[in-house]
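Student: Before I ask anything, here is the structure I am working with.
The values are calculated or read from the model by the stated rules, or taken from the named source; none is laboratory data. Please read these numbers as outputs of a predicted model, since none were measured by experiment. Ideal geometry is used to build each Cβ from the backbone, glycine not excepted, and the neighbour counts take in all protein chains shown. Just so you know, the surface numbers come from the protein's heavy atoms only, side chains and all, with ligands and any DNA or RNA stripped out. Shrake-Rupley method; radii C 1.70, N 1.55, O 1.52, S 1.80 Å.
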Amino acid sequence: MGTDSRAAGALLARARTLHLQTGNLLNWGRLRKKCPSTHSEELRDCIQKTLNEWSSQISPDLVREFPDVLECTVPHAVEKISPDERDEMKVSAKLFMVASNSSSSTKNAVDMACSVLGVAQLDSVIIASPPTEDGVNLSLEHLQPYWEELQNLVQNKKIVAIGTSDLDKTQLEQLYQWAKVKPNSNQVNLASCCVMPPDLTAFAKQFDIQLLTHNDPKELLSETSFQEALRESIPDIQAHEWVPLWLLRYSVIVKSRGIIKSKGYILQAKRRGP
């Protein structure tokens, strides 16, 4: 493992960008020994195991090349959707922006998800509330650059429907009135409100916006937790140089049976410094 870790460390010390994808978590088998209790725990576990598996299979050619962009994945877990079964599947994603001012990454995330799954478009993408500075409430102004990117992707037929997460009635109404492509759903965290707020319910019903529930934490992946996962998997690395930009969680559901066929995570991180 020491040699694997050194090779991975050497590659990460030279690369600028890291693309990490778990593949289908349902294919992990032996890699998945326990059921994580929270989404954050599941994600951290996935990042570490993907890094461990990737670093154990690094080819000498890759070490000689020192690529700028590292593709870190678990090859046996990768599973594309075949064209003949595409119509039977619903492909959904939730996009979490980790770094602030990363709205331009939206297209990158969606393109990468389509490529990983072997599809031309995603059926739905929900964007988690983008990060704001401490003490600053989320406003339409914060949301607009992200929503503009999502609208372009709908217009270019990369996504069918787009939705929001954790918006109250005022925020959802402001976005709805401003947006060209209207949100078709809004996720509500039931940990913060056990009952759907009546004003939000009434607004959603009037404009045919689906209200969904979720139990994601406010911060699913922080810079610190990502760096800790890196450090634990590859000890001889300057983990503080690596900053996650975005994280996308996807699921593929068989429409007729409502069962999950595939689910996984994709993330992009950049290295700071010279």
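Student: Towards the positive end of the charge dipole of the chain, with charges on Cβ (+1 Lys, Arg; -1 Asp, Glu), say which of VAL243, HIS39, GLN151 has the farthest Cα.
Tutor: Selected residue: HIS39.
Student: Given the Cα-Cα distance of LYS182 and ARG231 and 0.36 nm per residue of separation, how much length would full extension add, in nm? Intermediate values should be presented prior to the final figure.
Tutor: Details: separation 49, 0.36 × 49 = 17.64 nm, distance 4.16 nm.
Length gained between LYS182 and ARG231: 13.5 nm.
Student: Treating the angle as unsigned and between 0 and 90°, give the value, to the nearest 10°, between the Cα long axis of helix 2-14 and the longest Cα principal axis of the chain.
Tutor: Roughly 60 degrees between the two axes.
Student: For VAL154 paired with VAL254, estimate the spin-label separation in nm (one decimal), with each label point 7 Å from Cα along the Cα-to-Cβ line.
Tutor: Those two pseudo-labels are separated by 3.1 nm.
Student: For the stretch 1-271, which whole percent of the accessible surface, found with a 1.4 angstrom probe, sits on carbon and sulfur atoms?
Tutor: After summing per-atom areas, the C and S share lands at 50 percent.
Student: Mind checking the full-extension length gain between GLN57 and LYS169? Use 0.36 nm per residue of separation minus the Cα-Cα distance, one decimal, nm.
Tutor: 35.4 nm
Student: Now for a separate question. With axes computed from alpha carbons, what is the tilt in degrees of helix 169-178 against the longest principal axis of the chain, rounded to the nearest 10 within 0 to 90?
Tutor: 90
Student: Still on this structure, please answer the following. Name the residues of the stretch 177-207 whose amide N is less than 18 Å from a point 7 angstrom out from the Cα of SER139 along the C-beta direction?
Tutor: Residues passing the 18 Å test: 177-179.
Student: If contacts are Cα pairs under 8 angstrom and at least 6 residues apart, what is the relative contact order of the stretch 72-213 in percent?
Tutor: Averaging sequence separation for qualifying contacts and normalising by length gives 20 percent for the stretch 72-213.
Student: Please report, in debye to the nearest 20, how large the charge dipole of the chain is about its Cα centre when each Lys and Arg carries +1 at its beta carbon and each Asp and Glu carries -1 there.
Tutor: Values: 31 positive and 33 negative charges, 118 e Å.
Computed charge dipole of the chain: roughly 560 debye.
Student: Can you list which of the GluC sites (Glu not before Pro) found in the stretch 114-211 are DSSP loop residues with at most 11 other C-beta atoms within 10 Å?
Tutor: Listed in order of number, the matching sites are GLU133.
Student: Rounding to the nearest 10 and keeping the result within 0 to 90°, find how far the Cα-based axis of helix 140-155 lies from the longest principal axis of the chain.
Tutor: The angle comes out near 80 degrees.
Student: Within the stretch 191-208, name every residue whose backbone N is under 18 Å away from a label modeled 7 Å from Cα of LYS218 along the Cβ vector.
Tutor: Taking a point 7 Å out along Cα→Cβ of LYS218, the residues of the stretch 191-208 whose backbone N falls under 18 Å are 191-194.
Student: Out of the chymotrypsin sites (Phe, Trp or Tyr not before Pro) in the stretch 175-214, which ones are loop residues according to DSSP with at most 15 other C-beta atoms within 10 Å?
Tutor: Sparse-neighbourhood loop chymotrypsin sites (Phe, Trp or Tyr not before Pro): PHE207.
Student: Continuing with the same structure: Averaged per residue, what accessible area in Å² does the stretch 1-271 show with a 1.4 Å probe, protein chains only?
Tutor: Heavy-atom SASA per residue in the stretch 1-271 reads 49 Å².
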